[in-house]
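Trainee: There's a structure below that I have some questions on.
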Amino acid sequence: STRLSTSPYLIMRLSDPLSIAFVIFASTSARVTFPFSEVFQRVDLEYDALFNCVDGCKVYANQGPSTLQIAQYGKVITTFKDEDPINPKGIELNAGTNYSIQFIEFKAFEPLSVYVVSKKAPNYASPVFLSQEPQRIDIKIRNRFVTVLSTPYSMSYKFNGTFNPGYPKIFATGFDTISDIYRETSCTTVYQSRSQYGAEHSILTVYAPIITVDVGNFYSGNYTVTVIPNITGFNPLETTPASTVVMSSGFVGCPFVVNQTYYSDISDPIKRRFTFIARTFDIAASSNSVYPDKVELRVNQDILDFSSRGASSFTKHYGQGAYDVTLVSPSRQYGASWALQLDFGVYYPPILIADIPLLEREGVSWMIIIYISSTATILAWLWLRFN
């Protein structure tokens with residue numbers, strides 16, 4: 001790499017052959033660099049965000065309350081003012097160097113997300129949508145891939161339609177990262193449907209500035225994904241869903257994106273204990289980051305703790321029964337990268353006995369937990385006995 005005398009950024013040339021399609025400047029901030037694209041957030045634009053488009057590219061921006069412009073060699077060449085506020089076509093840039101994204105009007109502490117993607121990227125013609133609070137949008141899916149840039153960086157997603165087995169999927173990336181060319185280094189899903197019931201009855205809250213929905217090979221059907229701003233502190237576990245997602249706010253999920261995570265203002269610790277009855281219970285965990293954010297996961301007597309240090313994943317299947325689950329993460333700190341999918345049953349909704357914040361493990365708190373657990377065990381026996 002070579003340091004540029006006029007810029008605080010380093011030009012990065014990846015060893016992977018895919019990097020010839022998209023060469024960009026990488027800073028030490030929260031921008032995430034993929035072989036064919038890059039994702040910027042507000043903290044990246046506090047200085048001009050510099051990038052090159054070797055083969056030409058498109059730029060999509062969810063500006064939030066701020067306004068942005070694109071410059072080349074410091075001279076402004078275009079803005080986003082004529083872009084559709086929900087389904088933009090993207091700003092096309094010719095092959096060139098020293099492009100930058102700049103603020104026209106800066107709103108401090110307000111989120112924004114920008115997606116820059118090479119014209120040679122896989123799935124290049126896929127549509128991109130913008131979602132902002134408090135707006136709820138229903139996207140009619142007419143392509144295999146749909147990408148959503150969101151502000152704030154947490155949105156909830158719900159699906160409608162008859163899907164192929166294993167679909168839909170949600171990735172915390174743009175459409176360009178979902179391709180067979182990545183082979184064994186393919187990105188991990190944030191969510192993958194386990195059943196048609198799960199696809200239709202799950203509400204999935206994802207903490208990421210960008211996501212892509214994959215509905216599988218082209219289909220004949222009427223699919224819709226509804227994007228719901230997560231502005232009320234919605235806790236999916238309280239709805240006894242088919243599936244739910246719990247994740248760090250920086251999760252990317254791609255092995256070829258080394259030591260990079262998204263930025264988020266959300267750093268609240270996760271402390272939940274919930275008890276339920278279900279026909280089946282499945283867990284899928286994935287982590288890849290340098291930050292050792294430990295996640296404590298307990299299912300009845302099983303200890304399934306994991307850390308986001310390094311890269312790892314595991315799955316766990318449980319049959320019919322009653323379950324007492326504890327999920328604790330000290331914080332969803334910047335730099336952590338892990339995701340957890342919980343599937344409650346296959347075709348039968350679970351019966352939720354309790355979902356409470358994790359209480360102090362002493363005195364009356366212990367009595368409440370013991371009471372709930374005992375009640376769940378008795379109800380589970382009755383339910384399983386007569387169903």
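Trainee: For a paramagnetic label modelled at 7 Å from the Cα of ASP84 toward its Cβ, which residues of the range 99-143 fall within the zone defined by backbone nitrogen distances under 16 Å?
Mentor: In the range 99-143, the label zone of ASP84 (backbone N under 16 Å from the point 7 Å along Cα→Cβ) covers 125-132, 137-143.
Trainee: Let me ask something else about it. Rounded, prolate or oblate: which fits the range 34-161, taking a ≥ b ≥ c as square roots of the Cα gyration tensor eigenvalues, rounded meaning a/c under 1.5, else prolate when a/b beats b/c? Provide the component values of the computation, followed by the final result.
Mentor: Working: a/c = 2.04, a/b = 1.25, b/c = 1.63.
In terms of gyration-tensor shape, oblate.
Trainee: Taking H as built 1.01 Å from N, whose amide H comes closer than 5 Å to the amide H of TYR191, not counting residues under 5 places away?
Mentor: ILE170
Trainee: Please calculate how many Å² of accessible area the range 58-167 carries per residue, with a 1.4 Å probe and no DNA, RNA or ligand atoms counted. Could the numbers behind the result be given before it?
Mentor: Values: 5130 Å² over 110 residues.
Spelled out: the 1.4 Å probe surface of the range 58-167, per residue, equals 47 Å².
Trainee: Over the range 150-202, what is the relative contact order in whole percent, taking alpha-carbon pairs under 8 Å and six or more residues apart? Spell out each step's value before the answer.
Mentor: Numbers: 52 pairs, mean separation 25.9, N = 53.
It rounds to 49 percent for the range 150-202.
Trainee: Would you mind calculating the gained length between VAL76 and VAL258 on full extension (0.36 nm times residue separation, minus the Cα-Cα distance), in nm to one decimal?
Mentor: Details: separation 182, 0.36 × 182 = 65.52 nm, distance 3.24 nm.
The VAL76-VAL258 span can extend by a further 62.3 nm.
Trainee: OK, next. Of VAL146, GLY174, TYR73, which is farthest towards the positive pole of the range 21-176's charge dipole, taken about the Cα centre with +1 and -1 on the beta-carbons of Lys, Arg and Asp, Glu respectively?
Mentor: The residue sitting most towards the positive pole is VAL146.
Trainee: Multiply the residue separation of VAL328 and ARG298 by 0.36 nm, subtract the distance between their alpha-carbon atoms, and state the gained length in nm to one decimal. Before the final figure, lay out the partial values.
Mentor: Numbers: separation 30, 0.36 × 30 = 10.80 nm, distance 0.90 nm.
Separation in residues times 0.36 nm, less the Cα-Cα distance, equals 9.9 nm.
Trainee: State which entries of LYS58/LYS81; LYS107/LYS158; LYS271/LYS294 exceed 20 angstrom in Cα-Cα distance in the structure shown.
Mentor: Table pairs above 20 Å Cα-Cα are LYS107/LYS158.
The values are calculated or read from the model by the stated rules, or taken from the named source; none is laboratory data. If you're wondering where the values come from, they're calculated on a predicted model, not measured in any experiment. No Cβ is skipped: glycine too gets one built from the backbone with ideal geometry, and neighbour counts run over all protein chains shown. Areas reflect the complete protein model, heavy atoms only, side chains present, ligands, DNA and RNA absent. Shrake-Rupley method; radii C 1.70, N 1.55, O 1.52, S 1.80 Å.
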